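The values are calculated or read from the model by the stated rules, or taken from the named source; none is laboratory data. Please read all numbers here as calculations on a predicted model, not as lab measurements. A quick note on method: Cβ atoms are made from the backbone with ideal geometry, for glycine too, and the neighbour counts reach across all protein chains shown. Protein only, heavy atoms only, side chains kept; ligands, DNA and RNA dropped before computing areas. Shrake-Rupley method; radii C 1.70, N 1.55, O 1.52, S 1.80 Å.
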Amino acid sequence: MNAVDSHRISKRYGERLALDEVSFTASNNQVTGLLGPNGAGKTTLIRVLTTLLAPSGGEFSILGHTDPEKIRSVVGVLPESAGFPKRKRAIDYLSYHGALYGVHWSDARKLGMDLLSEVGLGDRWSDRIGTFSRGMRQRLGIARALINEPPVLFLDEPTLGLDPGGKRNVLDLVRRLADERGAAIVLTSHLLDEIERICDRAVILDRGRVVYDAAVTDRLADTFLEVTT
Amino acid sequence: MNDTKSVALVVREEVRDAWLRGWGPWLMVGVAFALSGVAVGVAYTSQINLLDAREGVAILVRLAIGLGLLFVLFGAADSISGERDRATLESLLLTPVEHSSLVLGKAIAAMAWWLVTFLVATPYVLAVGTGPGGALDALAVVATAGLAMAVFFGFGAVLISARARTNLVSLGLALLAVGVLAVPGLLPAAVTRGPIGQFILRADPVTSSLQLLNRVVVDQHSFASEVTWLASPVIAAVIVVAAVVVGVRTVEIEPGS
């Protein structure tokens, strides 16, 4: 069974077709890259697959689940340009989200501490999020996405706005999560080199349509160049 | 997850955000300063017989109710659209907690603004209104009509916030609604004397609450004889609570898309 199985998903905003019969799959232990220029439909697809938006057509399942509440309990998501409550301490933020997933406060706190260590923020657990750099916030966002120990992880432009060092840290972390946790990771980006560096498979979206869906090979770069030029 | 447990969780976190990490305590210091100034002024003008003691208490109570309701309104109007603006809503909507529980929890948490303002104002009302000032009558009006209005404002503003695309729209619409409800209270006495005018005064929850305050505190009518003025604030509160509990099943990340 595929971790993510989407079949001919469409999403229409009035007259505009944001997704046009998109089909793709993602498997455990793999990082699947969703590549495409800005406005290609990557964020819309993630929002549909994580039940935030209802599709206009098509169907999908996550680990065989189709019920939105079940899906939300098995996925972790780092939304694009996610905001953070600046006055909260990192550990309080994670504990609260853990509790929202039904984890007892004390267990959520312990889990939060473990996750902060895993993403390299163990020594900043008691600091307010407002004091974090953008790269640290992205890593905190990944820790939050892992708070329910999800088998499927969606990361929407996780390196957006990061400096080269921050990008490298986040991408290394994502690769490690797939290898060590065995999670199915779907990562979106508009940068080819990121997808080539850590993804096992890639899907290129162009104006809401899938134009490439295969392993990361030389043909990926050629197709992406065609789309973006 | 159990719905009641989810609601309690959201209330707890929202209250902590406002009162441990937010502006709550500082705003209450401001309220205390404002009430102190008014209380001193009222006590002084009463002593030199420029102002009736009961009128003085009514001024104090109007200020306390006004500030408390304003805090509830702003807190509730910001609760969901504010998270949408700050891009923190998406991560909440991605949890398995039902959206209705999130909304209900935020609406209940907004009531804390009213409760704390009431607690801060109580000693001032007691100090100025003890004896002929009718302090206990005034507190009875605050605890009943004021609470009903706080529920009406808070739950109503959360309803607006859940559907507003931006925080500015949410705050603007909430203030506009309050402005419209305040209009009947500004009508000339000649207009409100007839049966239609009286109906308008009684049907409008804001004006009705102020009428109750004036009649009980200033005119010294008994609370029991004027209790019918509570009808529209209570009915309005019940309607908006029902609308939040029954009417908000989903919160959209992009309303109207």
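If a spin label sat at a point 7 angstrom from the Cα of B:Ala182 along the line to its beta carbon, the backbone N atoms of the range B:48-73 nearer than 15 Å would be those of B:62-73.
Less than 5 angstrom separates the built amide H of A:Ala18 from those of A:Lys11, A:Arg12, A:Tyr13, all sequence-distant by 5 or more or on a different chain. Each residue was assigned an accessible area with a 1.4 Å probe, and for B:Phe118 the value is about 50 Å². 3J(HN,Hα) couplings calculated from phi for the range B:94-109 with the Karplus curve 6.51 cos²θ - 1.76 cosθ + 1.60 (θ = phi - 60°) are, in sequence order, 7, 7, x, 5, 4, 4, 4, 5, 4, 5, 4, x, 5, 5, 5, 4 Hz; Gly and Pro show x. Overall size of the range A:1-100 from C-alpha positions, given as principal axis extents largest first: 42, 32, 24 Å.
Using a simple spin-label model with pseudo-atoms 7 Å out from Cα toward Cβ, A:Asp172 and B:Leu51 lie 6.8 nm apart. For A:Ala183, nonlocal amide neighbours, meaning residues 5 or more places apart or on other chains whose placed amide H falls under 5 Å from its own, are A:Asn29.
In the range B:236-257, the residues whose accessible area drops by at least 40 square angstrom when the other protein chains are added to the isolated chain are B:Ile253, B:Glu254, B:Ser257; the probe is 1.4 Å and only protein heavy atoms count. With the largest listed first and rounded to whole Å, the semi-axes of the equivalent ellipsoid of the range A:80-153 from the Cα gyration tensor are 17, 13, 11.
Residue by residue, the range B:158-173 carries 3J(HN,Hα) couplings of 5, 4, 5, 4, 5, 10, 7, 6, 10, 5, 4, 5, 4, 5, x, 5 Hz when phi is fed to the Karplus relation 6.51 cos²θ - 1.76 cosθ + 1.60 (θ = phi - 60°); x denotes Gly or Pro. Relative contact order of chain B, taken over Cα pairs closer than 8 Å and 6 or more residues apart, is 26 percent. Spacing of the modelled spin labels on B:Ala189 and B:Ala243, each 7 Å from Cα toward Cβ, amounts to 3.4 nm. By its C-alpha gyration tensor, with a ≥ b ≥ c as the square roots of the eigenvalues, how is the range A:95-203 shaped: rounded for a/c under 1.5, else prolate for a/b larger than b/c, else oblate? Cα axes put the range A:95-203 in the oblate bin.
Taking chain B as a Gaussian network, Cα atoms linked when under 10 Å apart, which of B:Thr207, B:Thr95, B:Thr45 shows the biggest mean-square fluctuation? Top of the fluctuation ranking is B:Thr95.
For chain B, the longest principal axis of the C-alpha atoms and the axis of helix B:231-247 are separated by about 10°. For the protein assembly as shown, the per residue solvent-accessible surface stands at 43 Å², with DNA, RNA and ligands left out and a 1.4 Å probe.
For the pairs A:Lys11/A:Lys42; A:Lys42/A:Lys88; A:Lys11/B:Lys106; A:Lys86/B:Lys5; A:Lys88/A:Lys167, note any where the Cα-Cα span goes beyond 21 Å. Table pairs above 21 Å Cα-Cα are A:Lys42/A:Lys88; A:Lys11/B:Lys106; A:Lys86/B:Lys5; A:Lys88/A:Lys167.
Interface size, chains A and B: roughly 2500 Å² of accessible area buried, both sides included, 1.4 Å probe, rounded to the nearest 100. Only protein heavy atoms count here; on that basis, with a 1.4 Å probe, A:His65 has an accessible area of about 60 Å². For the range B:70-164, the set of trypsin sites (Lys or Arg not before Pro) satisfying both a DSSP loop assignment and a count of at most 16 other C-beta atoms within 10 Å is given as B:Arg86. Taking Lys and Arg as +1 and Asp and Glu as -1, the other residues whose beta-carbon sits under 12 Å from that of B:Val248 total +1. A 1.4 Å probe over all protein chains sorts B:Arg215, B:Arg54 by accessible area into B:Arg215, B:Arg54, starting with the largest.
Between A:Glu59 and B:Thr130, the FRET efficiency estimated from the beta carbon spacing at R0 = 60 angstrom works out to 0.30. Using every Cα-Cα pair within the protein assembly as shown, state what percent have a distance larger than 31 Å. Result: 52 percent of Cα pairs exceed 31 Å.
Given a Förster radius of 25 Å and the C-beta distance between A:Arg219 and A:Ser27 as r, what FRET efficiency does 1/(1 + (r/R0)^6) yield to the nearest 0.05? It comes out at approximately 0.80.
Of the GluC sites (Glu not before Pro) found in the range A:6-75, those in coil by DSSP whose Cβ has at most 14 other Cβ atoms within 10 Å are A:Glu15.
The HN-Hα couplings worked out from phi for the range A:73-80 by the Karplus form 6.51 cos²θ - 1.76 cosθ + 1.60 (θ = phi - 60°) are 7, 10, 10, x, 9, 10, x, 5 Hz, whole numbers, x standing for Gly and Pro.
If you average the sequence gap of Cα pairs under 8 Å that are 6 or more apart and divide by the length of chain A, what percent do you get for the contact order? Mind dumping the intermediate values first?
Details: 466 pairs, mean separation 66.9, N = 229.
Computed value for chain A: 29 percent relative contact order.
Summarised as an ellipsoid, chain A has semi-axes of 29, 20, 16 Å, derived from the eigenvalues of the Cα gyration tensor scaled by 5 and square-rooted, with the largest first.
Starting from the range A:154-229, pick out the trypsin sites (Lys or Arg not before Pro) whose DSSP state is loop and whose Cβ has at most 16 other Cβ atoms within 10 Å. Walk me through the intermediate numbers first.
Values: sites: A:Lys167, A:Arg168, A:Arg175, A:Arg176, A:Arg181, A:Arg197, A:Arg201, A:Arg207, A:Arg209, A:Arg219; in loops: A:Arg207.
Sparse-neighbourhood loop trypsin sites (Lys or Arg not before Pro): A:Arg207.
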